[in-house]
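Okay, so here's the structure we're looking at.
The values are calculated or read from the model by the stated rules, or taken from the named source; none is laboratory data. Small disclaimer: the values here were computed from a predicted structure and weren't measured. Note that each Cβ is placed from the backbone with ideal geometry, even for glycine, and that neighbours are counted across all protein chains shown.
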Amino acid sequence: MSSNPNRRRRHGRPWAAPGAAVAIALLASPVLSPVLAPAWGATPHGGPTPAPAPTGQIPELRFEKYVLPNGLEVTLHEDHHVPQVVVDVWYKVGSKDEEPGRTGFAHLFEHVMFQGSKHVGEDKHFAYLQKAGVSNANGSTSEDRTNYFEVLPSNQLELALWLESDRMGFLLERNGLQETFDGQRDVVKNERRQRIENRPMGLVNRVLLEALYPPSHPYHHEVIGSMEDLSRASLEDVKAFFHRYYAPSNASLVLVGDFEPARAKALIEQYFGPIPSGLPITTGTAAPAGAASPTVAAGPPLGRPAPPPVTLRAENRIALEAKVQQPQVFIDYPTPRSLTDGDHALDVTAQILAGGKASRLYRRLVYELQIAQSVSAHQQSQLLQSVFEISATPIAGHTLDEIVRVIDEEVEALRTRRVEPGELERAKNQIEFDTFRSLEAPLAQAERLQTYNLLVGDPGYLARDIEMYRAVDAASIQTTAAQYLRKDGRVVVTVTPNPDAPIMGRVKSQ
């Protein structure tokens, strides 16, 4: 279990919880999935092909999407090459939906979801999966959504659907819920200690979020929440959170892999169909041989007005000190939300600036001037607002001011001069190749379908996504850099070593 799965390009900062259950690497195989490979030239037994040209054919994630009468969105993607199936459930709720004084609930609730439901005993969820041969099972929470998934032998599809439906419809109808809640709250508080209080520079993320977003913005606070809010949380708070957000009408189910659609649809209807779209207040019993029909009272509509775009009217510099060996700088700019105008151009801009050893910043800072040991740049795309971040670490004997000065020179060059065609095409080709390569594993395919469904309501948005990358030209790079990568519209956080400071860091006294 973790607070956020994907930092690169299409969602926020990751950190996996200790003791995460039964996890394997997503890209375990060097051979591309046959479902995707034929569309762009990979051979079934060869290694990965070179990066495709921007005019090449776009691979297709074939799928079928339908919606149950209770509002549950279902997406099916068949692939019979491996006797394996992925069951991936997303709830459209994350830390952005938390109220002031109630932060950390989405992540805390993710932990509670794994501890059993009315018909699944305490700590039995993973026990069932392990006996069934699970290869990967976990969950994660981000600002925008919470997910739960299992990767099982295909003959265990029914088990996975039963487990997911039981905690959707029967989670609160179980004994010992108070003890489970108290235990998991302590687990999450300890996770916060390990991942923030006792992590080098663990304060940086909070400082950046609070500087980038006003207190009224849904992204103002960290996904894991504050220790004070976690301590104040009550079981009634968690019940209210479940009633509001954990219903079929606020969820999406994706199946990827080796299954027969007719049987899968019948099982989905059997286990999820009886759960009404409102608050899951349940009665009855359920087991894989036949799920009972819970009864429910309708919940209030989920009104979520989108906040206005964040714009900064001046540079905000924040100096931290921490018990670390090397200084580091983080430069963050507010940028457009995922899959909207400017998002793809900024993704390409990040590749041009720091995407590999031939990139502009790496070449100047590391090779030519030899003043930095590392540099990175990312367009961190999210549902409500994105952030373009550049970070770097100097080598001994050089300062953060030197690093920032060179970064500013290279960003200004993008704002004032158009990139050369060859450099632009290399950046776009690399993004396209990375995108296709990321889709090797069935779980990655499921997550991609879910991501597009959350962002635009269309699981099949891959082709359009790639087309928008291909449409990025030199003019759009220059325009977006000029509009968003402004010195008077950014946050700069510097961290310098101090052996007397907390390991997580603190703001320097003036």
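Residue by residue, here is whether (1) touching a Lys or Arg at 6+ places or on another chain (Cβ under 9 Å); (2) under 18 Å from Lys96 (Cα atoms) holds:
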residue	(1), (2)
Gln194	no, no
Ser226	yes, yes
Arg232	yes, no
Ala266	no, no
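Of the residues in the stretch 456-470, at least one is among the hydroxyl-bearing types (Ser, Thr, Tyr) and in contact with a helix residue (DSSP H, G or I) (Cβ under 7 Å, 6 or more places away or on another chain). With respect to Phe242, determine if the residue is closer than 20 Å to Glu447 by Cα and either modelled with pLDDT of 50 or more or outside the structural domain of Leu157 (by TED's automatic domain parsing) (or both). It is false that Phe242 is closer than 20 Å to Glu447 by Cα and either modelled with pLDDT of 50 or more or outside the structural domain of Leu157 (by TED's automatic domain parsing) (or both).
Look at (1) crowded, with 23+ Cβ neighbours inside 10 Å; (2) more than 19 Å from Ala444 (Cα to Cα); (3) out of contact with any strand residue (DSSP E or B) (no Cβ under 9 Å at 6 or more places or on another chain) and you find that Glu110 fails only one, number (3).
Read through the list (1) in a strand (DSSP E or B); (2) touching a residue at least 60 places away in the same chain (Cβ under 8 Å); (3) under 19 Å from Pro336 (Cα atoms); (4) not polar (S, T, N, Q), then give the number of the only condition that Ala377 fails. Only one criterion in (1) in a strand (DSSP E or B); (2) touching a residue at least 60 places away in the same chain (Cβ under 8 Å); (3) under 19 Å from Pro336 (Cα atoms); (4) not polar (S, T, N, Q) is unmet by Ala377, namely (2). Looking only at residues of the stretch 168-194 that are surrounded by fewer than 20 Cβ atoms within 10 Å (Cβ to Cβ) and among the basic types (Lys, Arg), we find that the one that is farthest from Leu235 (Cα to Cα) is Arg193. Would you check which residues across the stretch 230-249 are more than 23 Å from the chain's Cα centre (by Cα) and over 22 Å from Phe272 (Cα atoms) and list them? Answer for the stretch 230-249, where residues must be more than 23 Å from the chain's Cα centre (by Cα) and over 22 Å from Phe272 (Cα atoms): Ser231, Arg232, Ala233, Ser234, Leu235, Glu236, Asp237.
Residues that are closer than 30 Å to Glu73 by Cβ, assigned by TED's automatic domain parsing to the domain that holds Glu73 and touching a Pro at 6+ places or on another chain (Cβ under 9 Å) do not occur anywhere in the stretch 202-209. The criterion of at least 3 residues that are in contact (Cβ under 8 Å) with a residue 12 or more places away in the chain and within 25 Å of Ser386 (Cβ to Cβ) is met, among helices (runs of 4 or more DSSP H) falling completely within the stretch 92-206, by 105-113.
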